[in-house]
1. Quick one: with label points 7 Å out along Cα→Cβ, list the inter-copy distances for B:Glu321 in nm, shortest first?
2. Just A:Val78, A:Val254, A:Val236 to compare: in a GNM of chain A, with alpha carbon springs under 10 Å, which one fluctuates most?
3. What FRET efficiency comes out for A:Glu80 versus B:Thr7 if R0 is 60 angstrom and r is the Cβ-Cβ distance? Round to the nearest 0.05.
4. For a test of understanding, tell me how many lysine pairs in segment A:79-334 have Cα atoms under 23 Å apart, given they are 8 or more places apart or on different chains.
5. What are the ³J(HN,Hα) values, in whole Hz, obtained from phi via the Karplus relation 6.51 cos²θ - 1.76 cosθ + 1.60 with θ = phi - 60°, for each residue of segment D:182-187 in sequence order, with x given for Gly and Pro?
6. Across segment B:158-173, in residue order, what do the Karplus-derived ³J(HN,Hα) couplings come to in whole Hz, using 6.51 cos²θ - 1.76 cosθ + 1.60 with θ = phi - 60° and x for Gly and Pro?
7. Calculate the mean, over all residues of peptide A:232-241, of how many other protein chain Cβ atoms lie within 10 angstrom of the residue's Cβ.
8. Taking chain A as the reference, fit the longest principal axis to its C-alpha atoms, fit the long axis of helix A:104-116 to the helix C-alpha atoms, and give the angle between the two in degrees, 0 to 90, nearest 10.
4 protein chains.
Amino acid sequence: MKHNATTEHIQEVVDAIKDMGYEARPIPGGQRTAVGLLGNDGRVDSARLEGLEGVLEVIPVTHPYKQVSREWREENTVVELANGTRIGTSDVVVMAGPCAVESAAQIMDIAHQVRDLGATVMRGGAFKPRTSPYSFQGLGMKGLELLARAREATGLAIVTEALDPEGAKAVAEYADIVQIGARNMQNYALLRRAGRLGKPVLLKRGMAATIDELLLAAEYVLAEGNEQVILCERGVRGFDTHTRNLLDLTAIPVVKALSHLPIIADPSHGTGVRSKVTPMARAAVAAGADGIIVEVHPDPTKALSDGAQSLYPEQFAELMEQIRPIARAIGREVTAPLGVLTHG
Amino acid sequence: MKHNATTEHIQEVVDAIKDMGYEARPIPGGQRTAVGLLGNDGRVDSARLEGLEGVLEVIPVTHPYKQVSREWREENTVVELANGTRIGTSDVVVMAGPCAVESAAQIMDIAHQVRDLGATVMRGGAFKPRTSPYSFQGLGMKGLELLARAREATGLAIVTEALDPEGAKAVAEYADIVQIGARNMQNYALLRRAGRLGKPVLLKRGMAATIDELLLAAEYVLAEGNEQVILCERGVRGFDTHTRNLLDLTAIPVVKALSHLPIIADPSHGTGVRSKVTPMARAAVAAGADGIIVEVHPDPTKALSDGAQSLYPEQFAELMEQIRPIARAIGREVTAPLGVLTHG
Amino acid sequence: MKHNATTEHIQEVVDAIKDMGYEARPIPGGQRTAVGLLGNDGRVDSARLEGLEGVLEVIPVTHPYKQVSREWREENTVVELANGTRIGTSDVVVMAGPCAVESAAQIMDIAHQVRDLGATVMRGGAFKPRTSPYSFQGLGMKGLELLARAREATGLAIVTEALDPEGAKAVAEYADIVQIGARNMQNYALLRRAGRLGKPVLLKRGMAATIDELLLAAEYVLAEGNEQVILCERGVRGFDTHTRNLLDLTAIPVVKALSHLPIIADPSHGTGVRSKVTPMARAAVAAGADGIIVEVHPDPTKALSDGAQSLYPEQFAELMEQIRPIARAIGREVTAPLGVLTHG
Amino acid sequence: MKHNATTEHIQEVVDAIKDMGYEARPIPGGQRTAVGLLGNDGRVDSARLEGLEGVLEVIPVTHPYKQVSREWREENTVVELANGTRIGTSDVVVMAGPCAVESAAQIMDIAHQVRDLGATVMRGGAFKPRTSPYSFQGLGMKGLELLARAREATGLAIVTEALDPEGAKAVAEYADIVQIGARNMQNYALLRRAGRLGKPVLLKRGMAATIDELLLAAEYVLAEGNEQVILCERGVRGFDTHTRNLLDLTAIPVVKALSHLPIIADPSHGTGVRSKVTPMARAAVAAGADGIIVEVHPDPTKALSDGAQSLYPEQFAELMEQIRPIARAIGREVTAPLGVLTHG
């Protein structure tokens, strides 16, 4: 309460809290009185209290999220994929592939390459969210089919993005993980649908999203009954023009402390510059990420999107070599490569 | 090009540009050579060039957007509503109403109040995007019906938010303006649908969106054939905790110079604090906004959402009194109030 | 306290607070216990408490500043200059002039022009803080002398920047107001010296400074016995490249509520773009600024620094015409021009 | 140039460039003409050109800095300290110690502890820049003496902050490295003085400083003849409240590519939270930092400043154990501990 709040103001706040179904406890202090709200179940709309006269500030003491929190569930959630990849264990999972699916040849070529280099999940966009309506928007359903064929040929699990509720259904039929991109982190219709698809969800942090907002977005998915959510730090909006985004790696230990969900990092979008991807992939693993997702293209100079941040296959090979001892240095292992192919 | 780029590197860039269908022009300089790309129609994917060896930087000289630009259309776009309100003229339009539609009584009460005080458009959320899945999510279809009834009773035009493509169809049936919120500024499925609804669209700037990104989001709507788009500055993510967002009023003259579309400001979300709404509404009008959209609630302390930033009706009355002479000071007028009611 | 804090943890916090000389009051809640610290005089170092086991968060309830606060002094501080200009009244003060003093002819020319157009204070840098060591650094002492001569000729008061403690002494001898720039907002040696110079201080907000940090920087000046401090909003670091900085005009009503000190706005640095200066000057006045400081140059295309954001004298004339009715619209007046010159 | 710029406008730009002593080259394009400025020596003031009519944008193609750049000097600068520590080699240097020197007992105790655990440089503030004038400001000269005594007893090199030009002289007499803090990154008087002290300088990145601004600040020191500069990433202003700052580790590979100067990271200030220091120290080493600087206190709960981000000695021991294999994983080594003490 403000230091000049009257007894009436305080009583008004107490009444409002009771009216909302909670218990109120005034705490008189030297310069001002505080009023505690007890029994907060995460549904309190603090705005109503802030609007009362004499109120200086409403300070939340419990977190607004619930099922995503470590207090709700102590042990790590482990997301399990059909090809045996498990995310959220002591293993560090590597997801790799092109920004966009461009052709059967491209996707099959890169699938074999990243698989041979040790990735167990392949990324590749069929539906591409592009800032400009005139940029390449992806191959759509055709892209999903090509991804499924690449999975069949290599054993890789597939992660690909869904842009809207209908698209999400199609993606869930073809992919192992449904990705929700940074631009859609607060697209609640999409989050809810993702919660009912029965497939793991990769949820990327929005450009200006706080960590609490990221966790609350995940809460939308869990609230629909889907606990198989992987969070992803991919850089927030920064002011320096040397990089495309500002990769906030501290978010990794912060999320690990607040939530039981696994979190991975995307150093490709997080930096936007090919030469910075490998150092930041190393840093992400060292910071405790449960995995990384990186863009690799058979020929980045010909990529239809995001070529400047895509690694050449030989750079990806080097990245893999560098992150393995770093994972080991903190008592983890990069997930073992998929077994010898019997077909493909 | 980098200062140590070879003739081969330069030729490679020239070839890539030609391969993409444009003309290339090398420009040798003292320390380095630049290569110009001529004929850029806004569809060039610069990433492909950035990835070539010897390339230092790709610098866009033409804007990536097209139909939204002043170069495409010199004169201001004027958005016309059924009740005669015109946005984008010398008139300053006032949109007011509660954050959310809560009940028939609330919405009818506030509709009459804001109408009598001079607003010509009423805001009010039927579908509410909420950070937490456990917060009040709006009355949905019931809310749309109440808004339509309030319009009938008062003559106010209605603006309300659509959260997803399906919802947008329903909103377009009931409302005069379909709002796309900040969280959905890059929800392309929604933008495209909004471009085909035949109703004006109010597009809010995303939390971390650059002005170019805002214009490109609008371009998605125009590209579908809908030129009736109103842009809205509502604050970007800032670091100061005294306000909820950082209202970027300079965006108003910047957008006016780049685009023919009208732009309004939302000082309610832009500040998040009731006592700052009126000063910033004044500032928005002084900066050249084509209108403002403000939250007014019959009893903000009982509001189900955003109560702390909602004005009391008497504060809104004061706001109206203050912005009128400011509009006049820069040669504009606040839109005349709606005529005497014949019903209601 | 954390929800699993033990009685011992709580006792440890209570003991630490007592050890620091304050009173402690444990407040048991439903899920966790809070401990209140009573008698906080603004000197509590919360870090010591944050470090104790079982502590979840230390939430400051009183502001860390003191003499700058409205609670310390209810009525507005009015800064009075030798030429009769008073800052912090209902008058809106206009400070204008070139970025840098370049020559006797330039400064005398522009001084007469801005005076005739209604400014009562002239800005002009003698010591220039430049991002690059190779940029023009100002005329130094020679510049101060030219400013003093311009004052003598026109009656304008002078505001100019000091870059270090020694320089501040020289500036104070020649100028009416000692400016501390954004880069030096937390240069405490300079702030303390400024507090002992016996001249008003214009303190600009740092690029990434919160409003509390700005007020605390001012507190350094007041703590030395100098209450004649004018605050200045000049834009914070933003991410959009259409403007040089992000002018945070909401800081004006926020500061007015928290502090008794006057606050002005700098739309020249705040935008960095000539064509945006006048709209944002209007907006600043409408938001309640006690004045504006703008760059005007006799020939901006030849300016040695910041030419792109300097107004032409005829643009400044227009600005003055536009802000006068806006000031009046909110019950204020732009300070009356200085009387007829008897010399010059 | 703008697309409607006339031949006269273009000629005006060409003339202005020649007038500034450079060569101009107009480059006609499809939609608009560009004008190249050749021979830019880093001293071009682009503002003068931006102000000309018909000019759309001035795009710098060469970097504004010079001596700090890799183009100026290809091989890494190695900073050498009296105790043999070399910064900028394949060794990863660890600097550790309390935020502030508090007493002879405290500093001697922690010096021995961090030395025994492998640090070769000790940090500790004698002059403390504090946001509030009422916070503990450091022991001053007394603090410098205590640091010198600790050096004598342990062989550790000393890094401590200077707040103003005079203080810098005193610091240089006692310390091995003169630190310039984030708040003073653009305090040019201090930077220049630091350039003439004959001692290595640790320059911390400002809260909102771009990487180019950091390099330009270093250029001030080099321009005075001092090449012994160590840069330090310590977090920029972010919007998330879970951490105190946003540690921008990507700055490390970015700086390494642009400059020959060594760069270290400060995970203590970069996160502000004790439990996040070790993960981010690991990440910094993995990203390629030439060293880290961390706060360690014998009893953080009793620290007079920054206790919440100071490690307990046993946590520092763990940190050392974790970064050693990470350094090795990328072909580096944490600097070998100082030899057995013959005294102390």
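1. 3.1, 7.2, 7.7
2. A:Val254
3. With a Förster radius of 60 Å, E is 0.65.
4. 14
5. Using θ = phi - 60°, the values come out as 4, 5, 9, 4, 10, 8 Hz.
6. 10, 10, 8, 8, 10, 9, 7, x, 5, x, 4, 5, 5, 4, 5, 6
7. Average neighbour count from other chains, rounded to a whole number: 6.
8. 80 degrees
Every read-out reported here was derived from the displayed coordinates using simple, explicitly stated rules and does not represent laboratory data. All of these numbers come straight from a predicted model, not from anything done at the bench. Note that each Cβ is placed from the backbone with ideal geometry, even for glycine, and that neighbours are counted across all protein chains shown.
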